[in-house]
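Novice: Handing you a structure now.
Values quoted throughout were computed directly from the atomic coordinates according to the rules given, and no laboratory measurement underlies them. Values in this document were obtained by computation on a predicted structure and should not be read as measured data. Note that we place each Cβ from the backbone using ideal geometry, even for glycine, and neighbour counts take in every protein chain shown.
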């Protein structure tokens, strides 16, 4: 299984670390990451509508999974500001103002959704996070239940 990694960031060292984190967490379940490079976001403005953006970005990736790291602020209509969100094949994540370890945890979280994982209540990267403080407190790893689910899939 392939995950295409797109970005609008110029920080290649950080992208490499995120790619490594994803492969360490999900590689044992058959996921490989391909860096696809720069992403042009055609929607102007400081806030990006996540629903419209997911629909637009998901058009060109075929059957592969994709993760899009953006420097813009994301919001979801009727929900408000969000770190990231996903559909069945594509996920987007706002990297705006995030430190590398926070960005890595949230990348792992969104990739987990792409692989079929729901939010988890155990000590797990799949915990739901509504704030940076909650992301700080969650694990970089999958719990036993989430790992078992992926092994059986």
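Novice: Out of all DSSP beta bridges with both ends in the chain, state the antiparallel percent to the nearest 5. Walk me through the intermediate numbers first.
Specialist: Working: 6 of 25 bridges.
Just about 25 percent of them are antiparallel.
Novice: Angle between the Cα long axis of helix 12-26 and the longest principal axis of the chain, 0 to 90 degrees, nearest 10?
Specialist: 40
Novice: I've got another one for you. On the Cα set of region 2-152, report Rg and Dmax in Å, please.
Specialist: According to the Cα coordinates of region 2-152, Rg and Dmax are 14.3, 43 Å.
Novice: Tell me the mean residue ellipticity at 222 nm calculated for the chain from its helices only (DSSP H runs of n ≥ 4, each -39500 (n - 2.57), averaged over every residue, nearest 500).
Specialist: Counting only the DSSP helices, I get -10500 deg cm²/dmol.
Novice: Using Cα springs under 10 Å in a Gaussian network model of the chain, which residue among 40, 119, 101 shows the largest mean-square fluctuation?
Specialist: 40
Novice: Follow-up question, since we're still on this one. Can you sort 16, 68 so the residue with the fewest Cβ neighbours within 10 Å comes first? Each step should come with its number before you reach the end.
Specialist: On the way: 16 11, 68 24.
Taking fewest neighbouring Cβ atoms as first place, the list is 16, 68.
Novice: Now a separate question. Please state the relative contact order of region 2-152 as a whole percent: Cα pairs under 8 Å, 6+ residues apart?
Specialist: Across region 2-152, relative contact order equals 21 percent.
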